[in-house]
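Working notes, structure below.
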Amino acid sequence: MAVRRLLRGAAEILYPPRCVSCRRLGSHLCHACRRDVQWIGDAICVRCGGPTLERCICRFCQQAPPDPLRGVRGVTFYGGVMAFAIHALKYRGKRQLARPLAGYLIAHLDAHPLRFDALAPVPLHPQRLALRGYNQAALLAQEITRARGVPTREDLIARTRPTPPQIHLSRRERRQNMLAAFAPVQGRTLNGDAVLLIDDVCTTGATLQACAEALCDAGAGDIWALTVARAWPKREPEAWERGLSPAEVFVHWDAPQMERA
Ligand SMILES: [Zn+2]
Ligand SMILES: [Zn+2]
């Protein structure tokens, strides 16, 4: 352990960390870039955590609440610096970003306390885990464990089939895509424990909801989900959306989905 720490120290002197977004030397996510992160804030739907114009239960959740999830919370909007950072954590092997990104989760829990007995990272399919070498959600959860002492449990639920990318799917298609993608690993072992699901990004919440169903089968009590960022499922803003705040774009994006769903 001491040797590993020494080697890591030496590596940081030889290859000092650079900001993944602006390439500035000194840290993996620099202070200047952190200032550009866009917070979701408290004007949200208290169930799905989606940005709304005021704190409420949104019309999606009035019709179809995200049960068995008590609620979903995302800390920042996905985009800009946050998109760079999460992309680097997931696809460029930058495991070191887990600590600064988990810092957003820990700060959120400080400001909005939740009671939980275990952390459950959203699992990867074994094939993808083998390719990537790590589960970024598990790295985030382990940082919370380090800060809070609540255990990270990777043995509760498993991804039973790979799911295709969801970026162009509607809300309903995502839910169908996710159906039966997760299962409890070893029967009812949780005895009503409260579980906090952890992931890097939430888009419609279909993945988190499917995980929550598997956790329910594993005997979980209250289940909440917390993600670093919240995305809307398209890449580029339309011309008419430029100049709107992320929350406004989100609300506009959600509206036509309602008709399709
Ligand atoms: Zn930077
Ligand atoms: Zn909602």
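Things to note:
- Contacts under 9 angstrom Cβ, first residue in the range 12-24 being farther than 15 Å from Asp36 by Cα, partner exposed (fewer than 11 other Cβ atoms within 10 Å of the Cβ), 6 or more apart: Pro16/Leu25; Pro16/Gly26; Pro17/Leu25; Pro17/Gly26; Arg18/Leu25; Arg18/Gly26
- Extreme residue, nearest to ligand 2 (Cβ to nearest atom), among residues of the range 27-40 that are in a loop (DSSP other than H, G, I, E, B) and touching a residue at least 24 places away in the same chain (Cβ under 8 Å): Ile40
- In the range 3-15 there is no residue that is part of a loop (DSSP other than H, G, I, E, B) and basic (Lys, Arg).
- Number of the exception - His28 against (1) of a type outside the set (D, E, K, R); (2) buried (at least 20 other Cβ atoms within 10 Å of the Cβ); (3) more than 12 Å from ligand 1 (Cβ to nearest atom): (3)
- Filter pass, Asp193 being modelled with pLDDT under 95, in the same structural domain as Gly103 (by TED's automatic domain parsing) and closer than 22 Å to Phe116 by Cα: no
The values are calculated or read from the model by the stated rules, or taken from the named source; none is laboratory data. Just so you know, these numbers come straight off a predicted model, no measurement behind them. Here the Cβ is made from the backbone with ideal geometry for all residues, glycine too, and neighbour counts use every protein chain on show.
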